[in-house]
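Some notes on the structure that comes next.
The values are calculated or read from the model by the stated rules, or taken from the named source; none is laboratory data. All values reported here derive from a predicted model rather than from experimental measurement. Neighbour counts are summed over all protein chains in view; Cβ atoms, including those assigned to glycine, are modelled from backbone coordinates with ideal geometry.
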């Protein structure tokens, strides 16, 4: 990428995730410029552009992708259209960031990955937890051997049905045609990707998944076990029709434990024979800020981004193995 000017980004699908989590991060990152946004509803696109002071907006994704004033594209649509737009971005020869999960299936991820690899184009996926200071602290504890040799990790995530779930109001996140594994695909992907960042690729994985509530078409209950190439074992349970919300990760080592939450901003706790250490690290105002800054450094050749199309495709492989898709 050229360094004499800002890298100009366009967003396809300027919905909720871009309002605070990601969109403003592109505007706050030195060397980046959020130049254009696209949404199928032109009035909503215009409103977004007005509120965020963005020069260009439209309802035509092809026009944005092929705009000579756009250097890179961020795809923030629901997962079922990620491949459709990503292949167009690759054809246009531009770097791309895709919202997570990368696509509804591992097969789709490979198709996207191959398209960008064929043109030697940078491809990122918004697994931004790999870039957050909160989780880099956990990784530091692990890498420093603070809990000895890591043996096992377990993640338990539950939530109560939302008002939307109970009402039967349409929600793409629980539509099996868009996200077959529902909230598991949307939420658990974050944690599973983070565990790979901590401990390396997964080489074996098994799982069971089903719909217990009958509130929507996607699956709502999942349990799994897996093995990292490093020899660390992992287990997880996720249920989206439980009595109360819980989000607890415990990493068990030969000399201690680390506990934290993937989503909730609770204490990071390190427990060893020497005692208990508690750390509070707050998220930035725009949670993708560090992820976006790392993309800037990668594109300028000063660093390597931790979340690429290749790492994200591996996360999809894990998801598909757990849900029995492959």
Item to check | Residue that is farthest from residue 71 (Cα to Cα) [pool: residues in region 1-47 that are touching a helix residue (DSSP H, G or I) at 6+ places or on another chain (Cβ under 6 Å) and at pLDDT below 95] | outcome: 14
Checklist entry - Applying the selection to region 69-93, what residues are free of Cβ contacts under 8 Å to residues at least 40 places away in the same chain and closer than 13 Å to residue 11 by Cα? => result 82, 86, 89
Next on the checklist: Condition (residue is touching a residue at least 60 places away in the same chain (Cβ under 8 Å), part of a strand (DSSP E or B) and in contact with a strand residue (DSSP E or B) (Cβ under 7 Å, 6 or more places away or on another chain)) applied to region 313-321: is it met by at least one residue?
Outcome noted: no
Next on the checklist: Tally up the residues in region 51-69 that are under 24 Å from residue 300 (Cβ atoms) and surrounded by fewer than 12 Cβ atoms within 10 Å (Cβ to Cβ), please.
Outcome noted: 1
Checklist entry - Considering region 29-51 alone, what residues qualify as being in contact with a strand residue (DSSP E or B) (Cβ under 6 Å, 6 or more places away or on another chain), assigned to a helix (DSSP H, G or I) and over 24 Å from residue 284 (Cα atoms)? => result 45, 46
Next on the checklist: Please count how many residues of region 243-265 are out of contact with any helix residue (DSSP H, G or I) (no Cβ under 6 Å at 6 or more places or on another chain), at pLDDT 95 or above and not in a strand (DSSP E or B).
Outcome noted: 7
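Hey, which of the helices (runs of 4 or more DSSP H) in region 70-189, taking only ones fully inside, have at least 1 residues that are in the same structural domain as residue 245 (by TED's automatic domain parsing) and within 24 Å of residue 296 (Cα to Cα)? So that I can check it myself, show each step before the final result.
Details: elements: 82-92, 106-118, 133-143, 163-167.
Those helices (runs of 4 or more DSSP H) span 133-143.
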Checklist entry - On the given criteria, is residue 18 within 16 Å of the chain's Cα centre (by Cα), under 20 Å from residue 296 (Cα atoms) and in contact (Cβ under 8 Å) with a residue 40 or more places away in the chain? => result yes
Item to check | residue 98, sole failed condition from (1) without any contact (Cβ under 8 Å) to a residue 12 or more places away in the chain; (2) buried (at least 21 other Cβ atoms within 10 Å of the Cβ) | outcome: (1)
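Yes or no: residue 232 assigned by TED's automatic domain parsing to the domain that holds residue 195 and in contact with a helix residue (DSSP H, G or I) (Cβ under 9 Å, 6 or more places away or on another chain)?
On the way: assigned by TED's automatic domain parsing to the domain that holds residue 195: yes; in contact with a helix residue (DSSP H, G or I) (Cβ under 9 Å, 6 or more places away or on another chain): yes.
Yes: the conditions hold for residue 232.
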Next on the checklist: I need a count of the residues in region 193-238 that are touching a strand residue (DSSP E or B) at 6+ places or on another chain (Cβ under 8 Å), under 17 Å from residue 173 (Cβ atoms) and buried (at least 20 other Cβ atoms within 10 Å of the Cβ).
Outcome noted: 5
